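A short write-up of the structure that comes next.
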Amino acid sequence: MDVATFWDLIDRTREASGGDIRRQAKFMIEELISLSVEEILAYELVMDNLMDSAYDAALWDAASIINCGCSDDGFEDFRAWLIAQGKEVYEKALIDPESLVDLIEVNERADDGFILYVFTKAYGHMTGSEIHIKYREQPLLKGEHWDEDVRNSRFPKLDAKFGNCDQRDSIWFAEEARPPDEYDF
């Protein structure tokens, strides 16, 4: 699988899922298991490279504003979420993280990392065995984080839309009280 085929898979599954990232992950698994094990391994290589390319301090600072905080694991989930949005959104965000301001609603989070598990699920289905992924070190972080006191001035549009974390937390906690959607992938 090359990069163009990867992005085509992302686009087709995002469209088929109606933007529901859990369903998108399920559709991606279904498509990958129709390929060879070598192509599934190539998929993961492309995914890893895209994740590494997005390991950027400016993008992390933006994710922190959008998600009211962003840990190491949270930034991994954010980058996976970003990739799931498609090539155009991904590439724009790498250049200008504020381009995400109109993509995400105030009541949404941008940290669904479901596509991080697509590879292991597809590989396990194809081979009948689990793959034990060797821990990969993150590349060097590109750029530098802004001090938390001035971070929001770096992205004024994001801060204007997502800066009220107290209000957003109350929305998210109410949503977490609902039963989760069931997607067996």
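Nothing in this text is a laboratory measurement; each read-out follows from the coordinates by a stated rule. Fair warning: this is a prediction, and the values are worked out from it, not measured in the lab. No Cβ is skipped: glycine too gets one built from the backbone with ideal geometry, and neighbour counts run over all protein chains shown.
Here are the numbers for the structure shown:
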read-out	value
Dipole magnitude of the chain, debye to nearest 20 (Cβ charges: Lys/Arg +1, Asp/Glu -1, about Cα centre)	180
Lysines whose Cα lies under 19 Å from that of Lys26, excluding same-chain neighbours fewer than 8 positions away	Lys121
Gain in span if fully extended, Glu144 to Ile95, counting 0.36 nm per residue against the direct Cα distance	16.1 nm
Over the chain: helical MRE at 222 nm, DSSP H runs n ≥ 4 each giving -39500 (n - 2.57), nearest 500	-18000 deg cm²/dmol
DSSP loop trypsin sites (Lys or Arg not before Pro) with at most 13 other Cβ within 10 Å excluded, longest remaining stretch of the chain	1-133
Peptides ranked, highest mean first, by Cβ atoms within 10 Å: ranges 36-48, 57-69	57-69, 36-48
Candidate lysines - alpha carbon under 17 Å from Lys157, same-chain residues fewer than 8 apart omitted	Lys92
Cα-based Rg and Dmax for region 12-92, where Dmax is the largest Cα-Cα distance (Å)	13.7, 40
Volume in Å³ per residue [convex hull over Cα atoms, computed for the chain]	122
Cysteines not pairable in the chain (beta carbon separation under 4.7 Å absent)	Cys70
